[in-house]
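See structure below.
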Amino acid sequence: MAAKTKTSEERWSQDVTENSDALDLEKGVFTLKDPKEIAASLKRSAEASKRRKTDPYRSAMSMLVFYMNRARKNLSEEDRARLEKAKDELRKAFGKPAAR
């Protein structure tokens with residue numbers, strides 16, 4: 001079996017983001033500066049999706065965590081903090097308890 005190249009890994013990640021049954025994301029959602037806007041966009045996408053396999057909250061949170069994990073090395077501390085705040089805002093938007 002051939003070893004995966006970085007390019008094939010990047011394509012796999014891009015393919016999941018673009019073709020996942022979870023959500024059709026709004027363009028640039030993870031680059032928005034306001035964590036509330038990120039959460040609102042993810043919520044809209046999750047609630048509008050007819051292809052997701054789980055409830056809207058789980059789908060939205062999964063896509064946010066997936067993005068954070070895949071971008072791990074390339075995220076600045078500021079970006080990571082902004083996306084962590086977006087997770088908190090997403091919990092609020094769906095009426096879920098805060099993380100412990």
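The values are calculated or read from the model by the stated rules, or taken from the named source; none is laboratory data. Since the structure is predicted, the reported quantities are computational estimates derived from the model, not experimental observations. Because the Cβ atoms are built from the backbone with ideal geometry, glycine has one as well, and the counts that use them run over all protein chains shown.
Looking at the range 47-61 only, could you name the residues that are outside any loop (DSSP other than H, G, I, E, B) and either surrounded by 18 or more Cβ atoms within 10 Å (Cβ to Cβ) or at pLDDT 95 or above (or both)? Across the range 47-61, the qualifying residues are Pro56, Tyr57, Ser59, Ala60, Met61.
Residues of the range 7-42 that are of a type in the set (D, E, K, R) and either touching a helix residue (DSSP H, G or I) at 6+ places or on another chain (Cβ under 7 Å) or modelled with pLDDT of 85 or more (or both): Asp24, Glu26, Lys27, Lys33, Asp34, Lys36, Glu37.
Given the criterion in contact (Cβ under 8 Å) with a residue 12 or more places away in the chain, part of a loop (DSSP other than H, G, I, E, B) and surrounded by 15 or more Cβ atoms within 10 Å (Cβ to Cβ), identify the matching residue among Leu23, Leu42. Step through it out loud before you land on a result.
Working: Leu42 fails: part of a loop (DSSP other than H, G, I, E, B).
Exactly one of Leu23, Leu42 is in contact (Cβ under 8 Å) with a residue 12 or more places away in the chain, part of a loop (DSSP other than H, G, I, E, B) and surrounded by 15 or more Cβ atoms within 10 Å (Cβ to Cβ), namely Leu23.
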